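Trainee: Following this message is one structure expressed as structure tokens.
The values are calculated or read from the model by the stated rules, or taken from the named source; none is laboratory data. Predicted model, so just to flag it, every value in this text is computed and none were measured. Don't worry about glycine lacking a Cβ; one is built from the backbone with ideal geometry, like all the others, and counts go over all protein chains shown.
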Amino acid sequence: MPLSAIDLSSLERVGLGLARPEDVVVGRDGRVWASDQQSACAEILPGGGLRRVGNAGGEPNGINMDPQGRIIIANFGNGLLQRLDPATGTIDVLCAEIGGFKLRTSNYPIIDSAGNIWCSHSTSSVPFTDSLDRRADGLLYRVRPDGTAEIMAEGLQFANGLALDADESHIYVCQTTGCNVVRYAIKSDGTLGKAEQYGPLLGEYAWPLPAADTAAPGGHRRLGFTDGCGFDAEGHLWVTLVAANQIVAITPAGTLVTVIDDPSGTVLTTPTNVTWGGADMCDLYIGSYATNYVLKTRSPVPGLPLVHQCYGR
């Protein structure tokens, strides 16, 4: 089915009062959680209220869920990979360093069917904004179910959102300052193949950011800074363009479709991640680090269920 554009008028603000809601995860039970700097994660209640849980410190960034319903947090502020028990608020540290390398900017986690947690690490630069000059000091690491952690890929340009395809044959990484998505084949022995660009470049690069004149060449509208990504059930890889206020999709054929576009940035503001949920997997949630809410709408196609959404079905 060809992707159809989503009208801005259908986007609804939910979870009003959140602090830096970079990401959303929807449990198999339908409960909706957002990352929240005032706690660890906050449940967005059906009536619109919030239930804050835990105290993660730092800046909870990308989040995901394991089959047991625990929320995995990549903490961009303190670097830690954490796990939140939403029933008790208990937070465990799953990874703080790898072979003496201290984690500083863990960004986004995703879990495969074997229970491995894959996580992007954007940069080792201090302050992190120094890395926006396109230096390639980002990496991808993996934590096995037994707690063993290892660096899987290096040389990434601000490693950001991750996705696994339906058969888990590849892992996809948004390179924010690369303005693209790269993917790695996951070999039978668990190692990775070489990075290859997936789909086209998604825009231009500029740093420092130009004046936000949406009509002028070189303005934010032309920037391809990728942030988060996720597959729908038909194999389109949706990608958020955080500076351009757009969400695009790379089709299985490698072409590009614009799914949501907000030239003014008044409705879709700095989108950082996309997440699907609901009984038909067509409830679409959009996170943003710069707002105090997340956006909800209906997706024209279902999302690809994540591991925790498939477990026990």
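Condition check ((1) over 24 Å from Asn61 (Cβ atoms); (2) out of contact with any Lys or Arg (no Cβ under 7 Å at 6 or more places or on another chain); (3) assigned to a strand (DSSP E or B)) across all residues:
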| position | (1), (2), (3) |
| --- | --- |
| Val181 | no, yes, yes |
| Tyr184 | no, yes, yes |
| Ala206 | no, yes, no |
| Thr258 | yes, yes, yes |
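Trainee: Is it the case that region 84-94 has a residue that's of a type in the set (Gly, Ala, Ser) and modelled with pLDDT of 95 or more?
Mentor: For region 84-94, residues of a type in the set (Gly, Ala, Ser) and modelled with pLDDT of 95 or more: present.
Trainee: How do the pairs read when you match residues in region 134-148 that are at positive phi with residues anywhere that are at pLDDT 95 or above, using Cβ under 7 Å and keeping only pairs 6 or more apart or on different chains?
Mentor: Pairs found: Arg134/Gln157; Arg134/Thr177; Arg134/Tyr205.
Trainee: Might you check whether a residue that is touching a residue at least 40 places away in the same chain (Cβ under 8 Å), closer than 18 Å to Gly115 by Cα and touching a helix residue (DSSP H, G or I) at 6+ places or on another chain (Cβ under 9 Å) occurs anywhere in region 189-208?
Mentor: Checked against the condition, which is being touching a residue at least 40 places away in the same chain (Cβ under 8 Å), closer than 18 Å to Gly115 by Cα and touching a helix residue (DSSP H, G or I) at 6+ places or on another chain (Cβ under 9 Å), region 189-208 yields no hits at all.
Trainee: When only residues in region 203-231 that are more than 22 Å from Ser131 (Cβ to Cβ) and at pLDDT 95 or above count, which is surrounded by the most Cβ atoms within 10 Å (Cβ to Cβ)?
Mentor: Only one residue tops the list, namely Gly230.
Trainee: For region 112-126, name all the residues that are buried (at least 21 other Cβ atoms within 10 Å of the Cβ) and either over 20 Å from Asp137 (Cα atoms) or among the hydroxyl-bearing types (Ser, Thr, Tyr) (or both).
Mentor: Across region 112-126, the qualifying residues are Ile117, Ser120, Ser122, Thr123.
Trainee: Pick out the one residue from Leu295, Leu284, Leu268 that is in contact (Cβ under 8 Å) with a residue 12 or more places away in the chain, surrounded by 19 or more Cβ atoms within 10 Å (Cβ to Cβ) and part of a loop (DSSP other than H, G, I, E, B).
Mentor: None of the other options fit; the residue is Leu268.
Trainee: Just a yes or no: is a residue in region 238-255 in contact with a His (Cβ under 9 Å, 6 or more places away or on another chain) and either at pLDDT below 95 or surrounded by fewer than 22 Cβ atoms within 10 Å (Cβ to Cβ) (or both)?
Mentor: Looking for residues that are in contact with a His (Cβ under 9 Å, 6 or more places away or on another chain) and either at pLDDT below 95 or surrounded by fewer than 22 Cβ atoms within 10 Å (Cβ to Cβ) (or both), one finds at least one in region 238-255, hence yes.
Trainee: Does region 153-165 contain any residue that is closer than 29 Å to Asp29 by Cα and surrounded by fewer than 21 Cβ atoms within 10 Å (Cβ to Cβ)?
Mentor: Scanning region 153-165 turns up at least one residue that is closer than 29 Å to Asp29 by Cα and surrounded by fewer than 21 Cβ atoms within 10 Å (Cβ to Cβ).
Trainee: Does Ala253 count as farther than 11 Å from Gly287 by Cβ, among the small types (Gly, Ala, Ser) and touching a Leu at 6+ places or on another chain (Cβ under 7 Å)?
Mentor: So Ala253 fails the test.
Trainee: Within region 148-158, is there a residue that is under 17 Å from Pro271 (Cβ atoms), part of a loop (DSSP other than H, G, I, E, B) and either under 19 Å from the mean Cα position of the chain (by Cα) or of a type in the set (Lys, Arg) (or both)?
Mentor: Scanning region 148-158 turns up at least one residue that is under 17 Å from Pro271 (Cβ atoms), part of a loop (DSSP other than H, G, I, E, B) and either under 19 Å from the mean Cα position of the chain (by Cα) or of a type in the set (Lys, Arg) (or both).
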